[in-house]
Amino acid sequence: MRKPFVASAAFALLLAAPAAAKPWKGAELITHQTFRYGAFEARILAARGSGLITPFFLWKNGSEVPGAEWQEQDFEIFGRDGRYQTQLMTPGTDGEQRTEHNLYHGLPQPAWERYYTYRMEWTPEYLAFYVDGELVRIETDAQEYEKLMSPDSAEAAQLRVSLWAGDTGWSGRFDESAVPAATFVSWIQTYSYTPGSGPGGGDFSPLWRDDFGGTGSPDGSRWWAANWTFDYAVNDYVGQNARVLDGALVLVFSDEGGVGQFPSVPPDDGASGGGSNGDGSTGSDDDDGDVGDDDDGDGAVCEDAGVLLAAEDMSPSAGGASADGWNLWSNGSLTAEYPFGSEAAVVSVRARGQLGGGGWPHMLVTLGDDVVGEAVVDSASYADYEFVASASASAGPRALGVWFDNDYYQNGEDRNLLVDTVAIAPLCE
């Protein structure tokens, strides 16, 4: 499915340049080894703070080069709200450089409150994402994901983990007060894809595991550190902000004066079983070996699936970008095409208002020609306004709109509607 443009960890390589004099410093580690199919896990306590992003991802080096074919698979963990996005990137069409297939997911607790085990599986038959052993997304469309799945097209990729910050609607507006911040990685485990010949007849065999023992620089025979920056980041990457400390990899986001300064490592209590069983299996409750089943009927995959649209990436009929979202300063709308399923969906608009003429802005949310809901946005601080889009007889792309319809400007009083993001997720019983 086609999604509006968002930044990603891999987009860091677009227009990348050696680390320059940006005031903020992040860190990224990259494997010397490349992989073609396999399973990849990391136990991560992510950084907190609006704008901060903790990615764990597979990246085909050179994807950003004009004329090259884009290939990546990501977890992107948000410091703004403690949720995460799964990303699959394939070559672009119609003159675009890449096609994005991105879903937004929730967690039982924010990603900065405890460690979670994030797992990607990359095979010729499917692409899958797990959190703490629970399947959260699987893709099996061999045509749509040919670049990643087909043995004739898939290319070797590096494994990367990093901490950076943006200042956009997608990442969240950068909060300087959150600095310094840190991401903690208890361990990273890789598996080879060995269909039917892994432990217990599984499809994956343990390759290597880094438990980040001791104290000092990360293992230089396995990892190397990025030293560049990119347009969408407020920071440079510097190797001094990655260190092994007290049995964990610590990635720090700092100002220039805080480079190389590391906090103590929070203990990992192993909550939720820690993901894999150590033999290459996922820890799923499925006993039949079928990937993607939801035998217990708990609806977990549906519960977490969704997408987050930044207001700046929607199509506006009025207004302009502001420091913290899109400002509809006259009557108008923000719209986006989204491939809704036939099931009901929850639409959550993060918005705030500017009082004018004694009244607050009025917001309408539409789906095609139908009004999904309306609200008076009566707060100068951002809040989430949720609406339920009813089930449809058929699935397919439909135009989602956020409308401002009671503009006022007189004697210096200016009533406006500001929109930050729009989240869409299936409504599960």
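Bear in mind these aren't lab numbers, they're just calculated from the coordinates by the rules spelled out. Since the model is a prediction, treat every value here as computed from it, not as a measurement. Note that we place each Cβ from the backbone using ideal geometry, even for glycine, and neighbour counts take in every protein chain shown.
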- Query: Around residue 247, with a cut-off of 14 angstrom between Cβ atoms, what is the net charge of the other residues, counting Lys and Arg +1 and Asp and Glu -1?
  - Reply: -3
- Query: When mean projected area of the Cα convex hull in nm² is calculated directly from the model, which label among (1) 19.1; (2) 21.7; (3) 28.3 fits?
  - Reply: (2)
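To the nearest 20 debye, what is the magnitude of the charge dipole of the chain about its Cα centre, counting +1 on the Cβ of each Lys and Arg and -1 on the Cβ of each Asp and Glu?
On the way: 24 positive and 66 negative charges, 332 e Å.
Charge dipole, the chain, about its Cα centre: 1600 debye, nearest 20.
Would you mind calculating the relative contact order of the chain from Cα pairs under 8 angstrom and at least 6 residues apart, reporting the percent as a whole number?
Numbers: 1177 pairs, mean separation 77.0, N = 429.
For the chain, the relative contact order is 18 percent.
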- Message: Within 10 Å of each candidate Cβ there may be at most 15 other Cβ atoms; applying that plus a DSSP loop requirement, which trypsin sites (Lys or Arg not before Pro) in segment 21-59 survive?
- Response: 36
- For residue 358, what charge total do you get from the other residues with a beta carbon under 11 Å from its beta carbon, if Lys and Arg give +1 and Asp and Glu give -1? 0
- Sort the following peptides by mean Cβ neighbour count (other Cβ atoms within 10 Å, averaged over residues), highest first: 140-147, 50-57, 313-320, 327-334. 50-57, 327-334, 313-320, 140-147
- Add +1 for every Lys or Arg and -1 for every Asp or Glu among the other residues with Cβ under 11 Å from the Cβ of residue 266, and state the total. -3
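What FRET efficiency, computed as 1/(1 + (r/R0)^6) with R0 = 60 Å and r the Cβ-Cβ distance, is obtained for residue 61 and residue 383, rounded to the nearest 0.05? Write out the running numbers ahead of the final one.
Values: r = 42 Å, r/R0 = 0.70.
After rounding, the FRET efficiency stands at 0.90.
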- Which of 106, 341, 67 moves most in a GNM of the chain, Cα contacts under 10 Å? 67
